[in-house]
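Trainee: Input: one structure, supplied below.
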Amino acid sequence: MAKARSEDLFQLIKSLNSSEKRYFKLFASSNDTGNESKFVRLFDELEKQEVLDEDVILRNHPDFKPQQLSNLKAHLYKKILQSLRQFCSQSVIDIQIREMISHAQILYNRSLYQQCGKLLEKARKLSFKSDNQELIMEVLKWEKQLFSQAGGRNNEKRVNIILQQVREVNGRIYKVNSFSNLAVKLNSLYRRMGVVRKEEEFEMVRDLFVKSMPEYTENELSFSEKLNLYQLMVGYYFFIQDYENGYHYARKWVELFGNSRELISTRLDMYIRSLNSLMIAQYKLMKHSELVQTKSVLKAVRKYPAVLLNQNIRQKITKYTYVHEFNVIFMRGNFSRGVALFERIKSHLEYFISTIDDHSRIIFYFKVACLYFGNNDFSESLKWLNRIINTEDKELRRDIHCFSRIMALVAHYELDNSDIIDYYVRSTYQFLLKMNDLHNFQQLILSFLKKLTLNLSERELLREFILLKDNLLKLEQNKYEKRAFVYFDIISWLESRIQRKPVQEIIKSKSLKLIS
């Protein structure tokens, strides 16, 4: 087996929780032969390794011949997947339905049509219950094929019912695909550029959205159609910074699960994403008490049956919990408490950071940088900003890359690194030009920071702070320029300089007036 496939096996084993490992051992012991015993020993060896080392395996197990090891690893990989499928089959309805369809196919191939029909009927009822349109269509396909081989009473009536269901399900699948395809397109654009920055970008996003939307009547949509529609609407409105409408659809998304709680286990990934989206909207709209309440609902998911909490689910819960812990702190302006909390968990974070995707990683770095900045720890803030600045993929969230450089310049000023500010101003200017992100907000700040390299008197310095604040307050009314203030509350920083107070104190007093 190639090295990449060995790594795949190692990662698969490391992703198993204790219940899954225990089940695998039982599964393997049920058909224990010489080869089975070997692959269980290989499993044990890989499970206890911290870093993959095949030489250690061969030394510890002389009966593992190097030329046989590749087949042994492939066999083990397949057996683990089989055990996971069986482990999940009792709790994951979609796996049960697929298993029924596979069994129905076996019965059909043996000409056991009556038994095949009974099994397909069970599968059809279960697939309608789970509202999985693709599986419903798969069951209907086999029922059509079965009717071509086996007749019976009321055959024509039943055929007409199946054909009508096929037409309806086809229409639903078309809408689900239309909604999800558009959501993927918008998300791809958002990951590259961030929220819309100017009129042309808004028109491009709006035109893509309007042209790609199928016609629909919302109250006639199935659960799956609504699920994909609400996810799309939330993503679109967040993209164009319409958080009121984003909040409206995020609530509908969460309430959809509230009205169909039996389907949460079949769509757990989508359920926690709906909670995350609602919390983002609550944060943007300063709905503090609602955010805290929704966060407790997310934490409650950890108490769900272990079989449902796969690696993907556990990772998302951890990621969303961290992010929204930060957001609650930002809303209240309590950065010192946030830093104290972060320092307690800091030693466990590097592994967590390594497990999340690049997009989430950049957002996480920026949140941490803002946390330390708000606590006047500009040196530590710079360390996290530099993680973003030194990232190779500058096209991923170009907006955060740009604002990280602006924020880093302010941090350098606070640290009195006046000897390098002039260089960094020029470097940042060139970067913003390259990224096509040199807007009024950035130009005002770069011009201001350049003036700070001059030997200004205290009175002149205070005047520059007040002038920049007045100019930025005017920009805050512009719907495209105001996006800058979402990333970095520079006005509060300026007020802290003007009033000679910590920035945390300024933000905290504002928050008390805004949060609900």
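The values are calculated or read from the model by the stated rules, or taken from the named source; none is laboratory data. Everything numeric here is computed off the predicted structure, so don't read it as measured data. Cβ atoms come from the backbone with ideal geometry, glycine included; neighbour counts cover every protein chain shown.
Trainee: With the condition being more than 30 Å from L208 (Cα to Cα), I'd like the helices (runs of 4 or more DSSP H) fully within the range 234-349 carrying at least 1 qualifying residues.
Mentor: Numbers: elements: 243-258, 268-284, 288-300, 311-332, 335-345.
Per the criteria, 243-258, 288-300, 311-332, 335-345.
Trainee: Does the range 253-263 contain any residue that is under 18 Å from the mean Cα position of the chain (by Cα), under 30 Å from Q504 (Cα atoms) and modelled with pLDDT of 90 or more? It would help to see each step written out before you state the result.
Mentor: Applying the first criterion (under 18 Å from the mean Cα position of the chain (by Cα)) to the range 253-263 yields 253-254.
Then drop every residue that is not under 30 Å from Q504 (Cα atoms), which leaves none.
Scanning the range 253-263, I find no residue that is under 18 Å from the mean Cα position of the chain (by Cα), under 30 Å from Q504 (Cα atoms) and modelled with pLDDT of 90 or more, so the answer is no.
Trainee: Given the criteria surrounded by fewer than 17 Cβ atoms within 10 Å (Cβ to Cβ) and at pLDDT 85 or above, does E505 qualify?
Mentor: The answer is yes for E505.
Trainee: State which residue is nearest to C88 (Cα to Cα) when the search covers only the range 266-287 and only residues that are without any contact (Cβ under 8 Å) to a residue 60 or more places away in the chain and among the polar types (S, T, N, Q).
Mentor: S274
Trainee: Between a residue in the range 419-432 that is in the same structural domain as I406 (by TED's automatic domain parsing) and of a type in the set (D, E) and any residue that is surrounded by 13 or more Cβ atoms within 10 Å (Cβ to Cβ) and not in a helix (DSSP H, G or I), which pairs come within a Cβ distance under 9 Å, given they are 6 or more apart or on different chains?
Mentor: Matching pairs, first to second residue: D419/T453; D422/T453.
For every residue, the table says whether it meets (1) farther than 26 Å from R397 by Cβ; (2) over 18 Å from the mean Cα position of the chain (by Cα).
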| position | (1), (2) |
| --- | --- |
| L186 | no, no |
| E199 | no, yes |
| D207 | no, yes |
| K211 | no, yes |
| N219 | yes, yes |
| Y230 | no, no |
| F239 | no, no |
| N245 | no, yes |
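Trainee: Taking the range 352-361 as the search range and keeping residues that are without any contact (Cβ under 8 Å) to a residue 40 or more places away in the chain and not in a loop (DSSP other than H, G, I, E, B), which one is surrounded by the most Cβ atoms within 10 Å (Cβ to Cβ)?
Mentor: So the residue we want is R361.
Trainee: Among L119, L84, which is the only one that is in contact (Cβ under 8 Å) with a residue 12 or more places away in the chain and touching a His at 6+ places or on another chain (Cβ under 8 Å)? Give the steps one after another, and end with the answer.
Mentor: Values: L84 fails: touching a His at 6+ places or on another chain (Cβ under 8 Å).
Going through L119, L84 in turn, the sole match is L119.
Trainee: May I ask you to verify whether E215 is at pLDDT 95 or above and over 16 Å from the mean Cα position of the chain (by Cα)?
Mentor: no
Trainee: Got at least one residue in the range 344-351 being of a type outside the set (D, E) and in contact (Cβ under 8 Å) with a residue 12 or more places away in the chain? I'd like the intermediate steps shown before the answer.
Mentor: Step one: filter the range 344-351 for residues of a type outside the set (D, E), giving 344-349, 351.
Those left that are additionally in contact (Cβ under 8 Å) with a residue 12 or more places away in the chain: none.
Checked the range 344-351: no residue is of a type outside the set (D, E) and in contact (Cβ under 8 Å) with a residue 12 or more places away in the chain.
Trainee: Can I ask one more? Condition first: surrounded by 15 or more Cβ atoms within 10 Å (Cβ to Cβ), touching a Leu at 6+ places or on another chain (Cβ under 8 Å) and under 30 Å from E262 (Cβ atoms). Can you find one or more residues in the range 24-47 that meet it?
Mentor: Looking for residues that are surrounded by 15 or more Cβ atoms within 10 Å (Cβ to Cβ), touching a Leu at 6+ places or on another chain (Cβ under 8 Å) and under 30 Å from E262 (Cβ atoms), one finds at least one in the range 24-47, hence yes.
Trainee: Could you tell me whether L46 is in the same structural domain as Q11 (by TED's automatic domain parsing), of a type outside the set (D, E) and assigned to a helix (DSSP H, G or I)?
Mentor: Considered against the rule, which asks whether it is in the same structural domain as Q11 (by TED's automatic domain parsing), of a type outside the set (D, E) and assigned to a helix (DSSP H, G or I), L46 comes out as yes.
Trainee: Give the residues of the range 64-117 that are outside any helix (DSSP H, G or I) and of a type outside the set (K, R), sorted by residue number.
Mentor: Listed by number, the residues that qualify are F64, Q90, S91, V92, S111, L112.
Trainee: Only one of (1) surrounded by 14 or more Cβ atoms within 10 Å (Cβ to Cβ); (2) touching a residue at least 12 places away in the same chain (Cβ under 8 Å); (3) not hydroxyl-bearing (S, T, Y) fails for Q114. Which number is that?
Mentor: The failed condition is (1).
Trainee: Right, another one. Quick one: in the range 268-311, which of the residues that are more than 20 Å from F239 (Cβ to Cβ) and among the β-branched types (V, I, T) is modelled with the lowest pLDDT?
Mentor: This residue is V307.
Trainee: Every residue in the range 237-265 that is in contact (Cβ under 8 Å) with a residue 60 or more places away in the chain and buried (at least 21 other Cβ atoms within 10 Å of the Cβ), please.
Mentor: Answer for the range 237-265, where residues must be in contact (Cβ under 8 Å) with a residue 60 or more places away in the chain and buried (at least 21 other Cβ atoms within 10 Å of the Cβ): just L263.
Trainee: Residue by residue through the range 139-157, note down the ones that are in a helix (DSSP H, G or I) and without any contact (Cβ under 8 Å) to a residue 40 or more places away in the chain.
Mentor: Listed by number, the residues that qualify are L140, K141, E143, K144, Q145, L146, F147, N155, E156, K157.
Trainee: Could you say whether any residue in the range 168-187 is assigned to a helix (DSSP H, G or I), of a type in the set (S, T, Y) and touching a Lys or Arg at 6+ places or on another chain (Cβ under 9 Å)?
Mentor: No, that holds for no residue.
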